[in-house]
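The values are calculated or read from the model by the stated rules, or taken from the named source; none is laboratory data. What you are looking at is a predicted structure, and each value in this text was computed from that prediction instead of being measured. Cβ placement follows ideal geometry from the backbone for every residue including glycine, while neighbour counts extend to all protein chains displayed. Just the protein is used for accessible areas: all its heavy atoms, side chains included, with ligands, DNA and RNA removed. Shrake-Rupley method; radii C 1.70, N 1.55, O 1.52, S 1.80 Å.
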Amino acid sequence: MSEAVAKRFGELYGSAPEGVWAAPGRVNLIGEHTDYNDGFVMPFALPHTAVAAVSRRDDGVLRLHSADVEGGVTELRVAGLEPGTDKDWTAYPSGVVWALREAGHEITGADVHLASTVPAGAGLSSSAALEVVIALALNDLYGLGLRRRQLARLCQRAENVYVGAPVGIMDQTAAACCEAGHALFLDTRDLSQRQIPFDLAAGGLRLLVVDTRVKHSHSEGEYGKRRAGCEKGAALLGVDALRDVPYAELDAALERLADDEEILRLVRHVVTEDERVERVVALLESGDPRAIGPVLTEGHASLRDDFRISCPELDLVVDTAVGAGALGARMTGGGFGGSAIVLTEAADVPRVTGAVEDAFAAAGFEAPRVFAAVPEAGARRLG
């Protein structure tokens, strides 16, 4: 793919690129909607990547092209980049250029050709992969010297402010910082990280990703409503963020919110989800990966019933997979569609996959896309 992207760059722009970079999509093992509450998350990187061939320009022009979108090269002036002016796919790479320039880094232009194997709208963070690959390329080409965590923050700002999607820091950090064979235990308050060994194959296990093919969008209103509700809950409880509500004191906190059922549900999910992340970390570090299965299923129930961001297709995956003998399952990503993950014995993969596919057919849903997820490396230069 690297060679193909570099070749197409040459065809588009008349010269070879200065380099080719890649950044992955991600699966979040546990810790959903906790990142913008200063909580804990645990993503790992997928082998699916956004790949970018890039060269610098010194004339203030940004030229963008994607192999995955119909149309020619889009040409923009870097000095004219402003939040809210671009509603197309180009908002993600141009937003990164805007964020870098706003932070004081002199980006004088670039030629970019992109191609991605991260499924869009599947809850696997295709937008963050796109942002991080551009940020890493420009960091290298312009010698900015920014660390991976800093790049992630700038990419988050690009998506929050330039694109207008109120996402947390998890997706960009996962794309930038994950390591092969590990899940990333991330504290989103201080961005401290711990790489947790996550080699399921060695234990005879598999983690399946089931893309329901139901598209979702973070920039739509429901995601923002829940974020605002969480912030309201923190304010009512007198804490900086819901991360500061101790799990042991949750019942008392919920009693204080009894008059607002919606806020109560949001708070309950976030506080219990942070505790689930810590449980999964402890189980993996103790060498007991099978035991995380019920925790995943418990997390799905919380997302379905308290956060209310599931959908019939996601619920069908979870219920069918567990009924077919999977160790656990849950939706992953922002919700309202996208993908679910299923932890299962390797020997049970055909039975579980077949059961899910049959259930979708019986319900009249579009056939899901199912693949095994293997933790891969984060963003990197390919050539």
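Among (1) surrounded by 24 or more Cβ atoms within 10 Å (Cβ to Cβ); (2) touching a Lys or Arg at 6+ places or on another chain (Cβ under 9 Å); (3) modelled with pLDDT of 95 or more, where does MET42 come up short?
(2)
Going through the stretch 271-292 one residue at a time, which ones are under 24 Å from VAL356 (Cβ atoms) and surrounded by fewer than 21 Cβ atoms within 10 Å (Cβ to Cβ)?
ARG290, ALA291
Is there any pair with a first residue in the stretch 76-97 that is basic (Lys, Arg) and a second that is outside any loop (DSSP other than H, G, I, E, B) and open to solvent by less than 80 Å² (accessible area, probe 1.4 Å) whose Cβ atoms are under 8 Å apart and which are 6 or more apart or on different chains, and what are they?
From the stretch 76-97, the pairs are ARG77/VAL61; ARG77/LEU62.
I need the strands (runs of 3 or more DSSP E) fully contained in the stretch 153-270, keeping only those with at least 3 residues that are open to solvent by 40 Å² or more (accessible area, probe 1.4 Å) and not basic (Lys, Arg).
193-197
In the stretch 325-340, how many residues are over 20 Å from the mean Cα position of the chain (by Cα) and open to solvent by 20 Å² or more (accessible area, probe 1.4 Å)?
2
Looking only at the stretch 44-69, how many residues end up being outside any strand (DSSP E or B) and polar (S, T, N, Q)?
Residues meeting the conditions: 0.
Out of (1) more than 19 Å from the chain's Cα centre (by Cα); (2) more than 25 Å from VAL209 (Cα to Cα); (3) open to solvent by 30 Å² or more (accessible area, probe 1.4 Å), the odd one out for ARG148 is which?
With respect to (1) more than 19 Å from the chain's Cα centre (by Cα); (2) more than 25 Å from VAL209 (Cα to Cα); (3) open to solvent by 30 Å² or more (accessible area, probe 1.4 Å), ARG148 is out only on (1).
I'd like the full set of residues that are part of a helix (DSSP H, G or I) and of a type in the set (S, T, N, Q), limited to the stretch 271-320.
Listed by number, the residues that qualify are THR272, THR297, SER302, THR320.
Pairs needed: first member in the stretch 149-161, farther than 14 Å from ALA129 by Cα; second member anywhere, at pLDDT 95 or above and part of a helix (DSSP H, G or I); C-beta distance under 6 Å; at least 6 residues apart or different chains.
Close Cβ pairs satisfying both conditions: ARG157/ALA99.
Can you tell which of VAL78, VAL69 is of a type in the set (Val, Ile, Thr) and either farther than 30 Å from ARG369 by Cα or open to solvent by less than 10 Å² (accessible area, probe 1.4 Å) (or both)? Spell out how you get there, then give the answer.
Values: VAL69 fails: either farther than 30 Å from ARG369 by Cα or open to solvent by less than 10 Å² (accessible area, probe 1.4 Å) (or both).
One residue alone meets the criteria, VAL78.
What is the residue count in the stretch 297-321 for residues that are charged (D, E, K, R) and within 11 Å of VAL342 (Cα to Cα)? Steps first, answer last, please.
So the first thing to find is which residues in the stretch 297-321 are charged (D, E, K, R), and the list is 298, 304-306, 308, 313, 315, 319.
Keeping just the survivors that are within 11 Å of VAL342 (Cα to Cα) gives 319.
Residues meeting the conditions: 1.
Listed residues ALA103, ALA128; which is among the hydrophobic types (A, V, I, L, M, F, W, C) and buried (at least 17 other Cβ atoms within 10 Å of the Cβ)?
ALA128
Give all pairs with beta carbons closer than 7 Å in which a residue from the stretch 245-269 that is closer than 20 Å to TYR36 by Cβ and modelled with pLDDT of 95 or more meets a residue that is open to solvent by 70 Å² or more (accessible area, probe 1.4 Å) and hydroxyl-bearing (Ser, Thr, Tyr); count only pairs at least 6 apart in sequence or on separate chains.
none
Out of the residues in the stretch 87-100 that are farther than 17 Å from LEU146 by Cα and either touching a Cys at 6+ places or on another chain (Cβ under 7 Å) or surrounded by fewer than 24 Cβ atoms within 10 Å (Cβ to Cβ) (or both), state the one that is modelled with the lowest pLDDT.
In this case the residue turns out to be LYS87.
Output the residues belonging to the stretch 177-217 that are in contact with a strand residue (DSSP E or B) (Cβ under 7 Å, 6 or more places away or on another chain) and small (Gly, Ala, Ser).
Result: ALA180, GLY181, ALA183, GLY204.
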